[in-house]
Amino acid sequence: MGIKLIKISVVYFAVGILLGYYMSISHNYELTPVHVHINLLGWTSLTLAGILYYLFPSFSNHKLAKMHAWLHNLGLPIMMIGLFLMTVLNRESIRPVIAVGATLTTVGILLFVYHVLAHLKSE
């Protein structure tokens, strides 16, 4: 699972960098929150989780690891697409979509935190 998360994280990295590039050349920075969240929660956080899962294979085989990966990777795109659409379309009615994605992502990350504190041990 570690390598899969690292590969997924580089896709987030590419999306975040391309979005940053777009903002830079257009001099329009209204999508900065999307850019930052994609880079932090997609690229950085998933890379670090992937490295932990790779370094500790028995840790990555746990049910909590799978739940973290699924919730994080379902919630983050929902949240980012919602935030993108709310910003571009200027529609506050999209806020519940962002909340659903944020909730899924947060629950996934909190499961990861619990899993690290309760089950990560040197092998």
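The values are calculated or read from the model by the stated rules, or taken from the named source; none is laboratory data. Keep in mind that this is a model prediction, so the values were computed, not measured. FYI the Cβ positions are ideal-geometry reconstructions off the backbone, even for glycines, and counts take in every protein chain you see. Just so you know, the surface numbers come from the protein's heavy atoms only, side chains and all, with ligands and any DNA or RNA stripped out. Shrake-Rupley method; radii C 1.70, N 1.55, O 1.52, S 1.80 Å.
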In region 51-64, is there at least one residue being touching a Leu at 6+ places or on another chain (Cβ under 8 Å) and among the β-branched types (Val, Ile, Thr)? no
Can you confirm whether residue 61 is at pLDDT below 95 and of a type in the set (S, T, N, Q)? yes
Could you list, ordered by first residue, the pairs with Cβ atoms under 6 Å in which the first is in region 9-24 and touching a residue at least 60 places away in the same chain (Cβ under 8 Å) and the second is among the hydrophobic types (A, V, I, L, M, F, W, C) and open to solvent by less than 70 Å² (accessible area, probe 1.4 Å), at least 6 apart or interchain? 12/38
Quick check on region 92-99. Is at least one of its residues acidic (Asp, Glu), at negative phi and either buried (at least 18 other Cβ atoms within 10 Å of the Cβ) or assigned to a helix (DSSP H, G or I) (or both)? yes
Does residue 85 qualify as being part of a helix (DSSP H, G or I) and more than 17 Å from the chain's Cα centre (by Cα)? yes
Consider only pairs whose beta carbons are under 8 Å apart and that are at least six residues apart or on different chains; among these, list those whose first residue lies in region 108-123 and is under 13 Å from residue 71 (Cα atoms) and whose second residue is open to solvent by 100 Å² or more (accessible area, probe 1.4 Å) and modelled with pLDDT of 90 or more. 108/70
